[in-house]
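*Asks:* Input: one structure, supplied below.
The values are calculated or read from the model by the stated rules, or taken from the named source; none is laboratory data. Quantities reported herein were computed from a predicted structural model and do not represent experimental measurements. Every residue, glycine among them, receives a Cβ derived from its backbone with ideal geometry; neighbour counts consider all protein chains shown. Protein only, heavy atoms only, side chains kept; ligands, DNA and RNA dropped before computing areas. Shrake-Rupley method; radii C 1.70, N 1.55, O 1.52, S 1.80 Å.
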Amino acid sequence: MTADPNAATQSYPPPPRHRDSPARYLVPALVAAAVAVGLGAYGKVHDPAGTAFNLAGFSSTGAVKSWLATTAFFFALVQVVSAFMVYGRLPGPSWSATLHRWSGRIAFLVAVPVAVHCLYAFGYQTYSTRVMWHSVLGCLFFGAFSAKMLLLRSERLPGWLLPLVGGLVFTALTLIWLTSALWFFRTFGVTT
């Protein structure tokens, strides 16, 4: 019997297998909590300015925010559909992953001025149930979004984790839209 000099060598004992530690998910969770609590704390101690911006062509700041929030919500819906395509749950084109990335970027970029205005102009408010939930969900959304962005860079994630966090981000944004833009349109009408 001859030995193959080019064969891969095996070490004995075999090297230990590294198990995935739940601690590696601790950093995104801590960052999410810090972002959410930080935004809430800033909103609570900040003296509300009443307004932060308005765009020409809109009748009020509420209309601007409602239309921007609706745009963000629309792109979040595109995110969900494209995620189903990426994960093979729906048929989709080869560029589904690109659609998913860009719709998420646009949704976030459109949501940021709305959040900045809410935080600067109103702060963290609790004077009604709707407003309290809107404040809580706004902080939760940006915390969950931060965790999702950090998890995207992780390797060997469990297959359920990213859809779960993405679903949390989408759910928070949906509830934010329901407690703000939809409320505005129902209360003041669909105006620009």
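*Asks:* So is F75 open to solvent by 40 Å² or more (accessible area, probe 1.4 Å) and under 16 Å from L168 (Cα atoms) or not?
*Replies:* Criteria met by F75.
*Asks:* Does G92 satisfy the condition of being under 20 Å from F75 (Cβ atoms) and small (G, A, S)? Can you show your working first?
*Replies:* On the way: under 20 Å from F75 (Cβ atoms): yes; small (G, A, S): yes.
Here the answer is yes, as G92 does meet what is asked.
*Asks:* Could you tell me which of the residues L68, L39 is in contact with a Cys (Cβ under 7 Å, 6 or more places away or on another chain), hydrophobic (A, V, I, L, M, F, W, C), part of a helix (DSSP H, G or I) and touching a residue at least 24 places away in the same chain (Cβ under 8 Å)? Don't jump to the end; show me each part of the working.
*Replies:* Details: L68 fails: in contact with a Cys (Cβ under 7 Å, 6 or more places away or on another chain).
Residue meeting the stated conditions: L39.
*Asks:* Given the conditions (1) modelled with pLDDT under 95; (2) open to solvent by less than 60 Å² (accessible area, probe 1.4 Å); (3) hydroxyl-bearing (S, T, Y); (4) assigned to a helix (DSSP H, G or I), and given that T174 satisfies all but one, which numbered condition is not satisfied?
*Replies:* Condition (1) is where T174 drops out.
*Asks:* For residues in the range 175-191 being over 26 Å from the mean Cα position of the chain (by Cα) and in contact (Cβ under 8 Å) with a residue 24 or more places away in the chain, which is farthest from S60 (Cα to Cα)?
*Replies:* Step by step, filter the range 175-191, then rank; the result is F188.
*Asks:* What is the residue count in the range 42-65 for residues that are at pLDDT 80 or above, open to solvent by 50 Å² or more (accessible area, probe 1.4 Å) and not in a helix (DSSP H, G or I)?
*Replies:* Going residue by residue through the range 42-65, those that are at pLDDT 80 or above are 42-48, 60-65.
Then keep just the ones that are open to solvent by 50 Å² or more (accessible area, probe 1.4 Å); that gives 42, 44-45, 47-48.
So of that shortlist, the ones also not in a helix (DSSP H, G or I) come out as 47-48.
Residues that pass the stated criteria total 2.
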